[in-house]
Amino acid sequence: MHHILLVDYSHHLVRILGSLLEDNKSPFVIKHHVSNSSEALDALSKQDFNVVVVHTERYDAAGLWLCHHIRQISDIPIVLLGGRDQFSLVRKALTYQVNDYLPAPFKPDALLHSLNGLQDRLVPAPAQKRSALKPPIQLNGKAMDSTHVIRVVKAYVRDHLHEELTLKRIADMLHFNCAYLGQKFKTEEKVSFNDYMLQERMKKAKHLLLTTNLRIYEIALEVGYRDIDWFYKKFRACTGSSPNAYRRQKANTA
């Protein structure tokens with residue numbers, strides 16, 4: 001079993017997470033849960049855990065302070081949940097080598113998926129040559145694994161699909177060279193930044209077509225297209241049908 005230290009500032013995640021782990025016969029179990037940062041650090045100094053889950057909700061500053069101090073004493077995996085200013089939070093969390101970040105509101109199943117994704121890191125791996133590790137990226141003078149940087153980029157894209165996004169805009173926010181960040185993104189994701197952004201926009205457009213009564217031009221705006229004709233062209237190229245035909249077809253086969 002993998003032991004979780006749950007830091008739940010809101011006091012209500014422990015029951016939800018406990019039931020979720022039990023119902024899914026997860027190899028993870030909540031070994032201990034606390035409601036403030038000082039208790040969390042005290043527990044880490046006295047007991048062994050495999051992962052720390054920090055639920056910040058309205059307590060962003062406290063959660064980030066805790067991540068900072070955990071990293072001063074341990075490289076234990078940290079999963080950070082919630083937050084009001086998502087991009088600001090995830091960018092700061094990156095500095096503390098947070099292993100995963102689930103913005104609010106998050107689904108319990110997403111947390112379960114995140115924990116399952118950590119399992120390989122929790123099992124002692126054979127000795128690896130240092131050259132096999134991913135080269136770090138410099139952010140604000142700190143060396144960061146490129147995976148964490150790309151996680152920030154992807155989180156920002158998902159949260160700002162309705163805006164006119166460019167890689168240069170995000171690179172400027174993160175203080176990166178645009179070409180360098182684009183290269184790292186393609187290396188990590190096996191797809192270019194623009195193709196990833198298009199995939200996410202079309203994914204959201206299809207979801208809105210099937211789950212809302214929004215008009216096509218409204219959906220186009222929701223996914224960042226001010227030119228309705230360009231949205232039609234991109235949607236048809238990705239799906240093989242127009243937005244209206246896609247909505248009708250799915251409705252008839254439901």
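The values are calculated or read from the model by the stated rules, or taken from the named source; none is laboratory data. Because the structure is a prediction, the values reported are computed rather than measured. FYI the Cβ positions are ideal-geometry reconstructions off the backbone, even for glycines, and counts take in every protein chain you see. Ligands, DNA and RNA are stripped out before the accessible areas are found, and what is left, the full protein with its side chains, is counted by its heavy atoms. Shrake-Rupley method; radii C 1.70, N 1.55, O 1.52, S 1.80 Å.
Relative to the longest principal axis of the C-alpha atoms of the chain, give the angle of the C-alpha long axis of helix 108-117, reported between 0 and 90° and rounded to the nearest 10°.
Approximately 70 degrees, to the nearest 10.
What is the helix-to-structure angle for 37-46, meaning the angle in degrees between its Cα long axis and the longest Cα principal axis of the chain, kept from 0 to 90 and rounded to the nearest 10?
Compared with the principal axis, the helix lies near 50 degrees.
Could you give the spread of the C-alpha atoms of segment 1-95 along their three principal axes, from largest to smallest, in whole angstroms?
Principal axes ranked by extent give 35, 27, 20 Å for the Cα atoms.
Treating only the Cβ atoms of Lys and Arg (+1) and Asp and Glu (-1) as charged, compute the dipole magnitude of the chain about its Cα centre; round to the nearest 20 debye.
880 debye
Hey, what angle do you get for helix 243-253 against the long axis of the chain, alpha-carbon based, 0 to 90 degrees rounded to 10?
Helix 243-253 and the main axis of the chain meet at about 70 degrees.
Counting only protein heavy atoms and using a 1.4 Å probe, what share of the accessible area of the chain belongs to carbon plus sulfur, as a whole percent?
Result for the chain: 50 percent of the exposed heavy-atom area is carbon or sulfur.
So what are the three principal axis dimensions of the chain from its Cα atoms, in whole Å, longest to shortest?
61, 42, 36
With every protein chain present, what is the per residue accessible area of the chain (1.4 Å probe, Å²)?
Per-residue accessible area for the chain comes out at 56 Å².
How big is Rg to Rh over segment 1-50, alpha-carbon atoms, Rh as the Kirkwood inverse-mean-distance radius?
That ratio is 0.98, to two decimals.
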